[in-house]
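I'd like to ask some things about the structure below.
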Amino acid sequence: MRAPVARVLAGILGFQILLGALLVVGDLQTGLRMPSFDPGAPRLTEPVRPGDQRRRYSPDYQRPALDPVRDPGELPDRLALTQIDGDTWRLEGAIASGDAARMIKQLNATVPAPETVILQSPGGSVRDALALGRHLRSAGIGTAMLRGEVCYSACPYLFAGGTARRIEDGASIGVHQHYFGESTILPAFVAVESIQRGQGDVMVYLDEMGIDPMVMQHALTTPSDEIYVLLPEELDRYGFATGPGAGT
């Protein structure tokens, strides 16, 4: 009986390897494919209107000159925390894996304790954004965005963690499809299950933070090489802006 069992196990293993290979090939083809947006599609610097809110986007995005209050040049590859004035701090840069633990340690060590962090980020690690957002909420720290600055991809989830959330007119917040760091060397059903679990975690988190999870309809239908820029009325409707003058 051992030989048939061994053949069955070998067959299962071979099937899993084949699925993994197919996923890798699919990823390579995805990486080599032409962008999903029209080459003539509007750039991020062009204004958005209802029904015309998708713009070109790249993971190595650097901040465009929208209507800058301050030009930081290229954004850091990892989140950086700098003091602005008193208990107001600036948190900007890409959200790299491990940034949540690193930033939580820095935030806990700041004197005076932060009351508000001003965000600007092209996005990055979703899991780190959620973990850091939960820390902001538990620590009673608010979030803010300034005119002409951006918060894209995973950054809106971090922004959602603020106890109070202020968005100046001319700030840009956008969402799209994202990944959760899964390896593609997995059976397809495991990879899909992991991604679905990640999306579920995001929706639960948004609900905890007082954000309408329906904002995910825009994220899930916007390819990763595009960004869906939320209009001011959408930011209000989904609950991103809070408190007096939050959207001004």
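The values are calculated or read from the model by the stated rules, or taken from the named source; none is laboratory data. Nothing here was measured: the structure is a model prediction, and the numbers come from that model. FYI the Cβ positions are ideal-geometry reconstructions off the backbone, even for glycines, and counts take in every protein chain you see. Just so you know, the surface numbers come from the protein's heavy atoms only, side chains and all, with ligands and any DNA or RNA stripped out. Shrake-Rupley method; radii C 1.70, N 1.55, O 1.52, S 1.80 Å.
Of all residues in segment 119-163, which are open to solvent by 10 Å² or more (accessible area, probe 1.4 Å), in contact with a Ser or Thr (Cβ under 7 Å, 6 or more places away or on another chain) and closer than 19 Å to Thr88 by Cβ?
Of everything in segment 119-163, those that are open to solvent by 10 Å² or more (accessible area, probe 1.4 Å), in contact with a Ser or Thr (Cβ under 7 Å, 6 or more places away or on another chain) and closer than 19 Å to Thr88 by Cβ turn out to be Arg137, Gly140.
Somewhere in segment 101-119, is a residue of a type in the set (Val, Ile, Thr) and modelled with pLDDT under 95?
So far as segment 101-119 goes, yes, one or more of its residues are of a type in the set (Val, Ile, Thr) and modelled with pLDDT under 95.
Further question: For segment 110-121, state whether one or more residues are in a strand (DSSP E or B) and small (Gly, Ala, Ser).
Within segment 110-121, one or more residues are in a strand (DSSP E or B) and small (Gly, Ala, Ser).
Another question, then. Which of the residues belonging to segment 205-219 are open to solvent by 80 Å² or more (accessible area, probe 1.4 Å) and not polar (S, T, N, Q)?
Asp207, Glu208, Met214
Restricting segment 220-248 to residues that are touching a helix residue (DSSP H, G or I) at 6+ places or on another chain (Cβ under 8 Å) and either in a strand (DSSP E or B) or open to solvent by 30 Å² or more (accessible area, probe 1.4 Å) (or both), which is modelled with the lowest pLDDT?
Looking at residues that are touching a helix residue (DSSP H, G or I) at 6+ places or on another chain (Cβ under 8 Å) and either in a strand (DSSP E or B) or open to solvent by 30 Å² or more (accessible area, probe 1.4 Å) (or both), I get Gly247.
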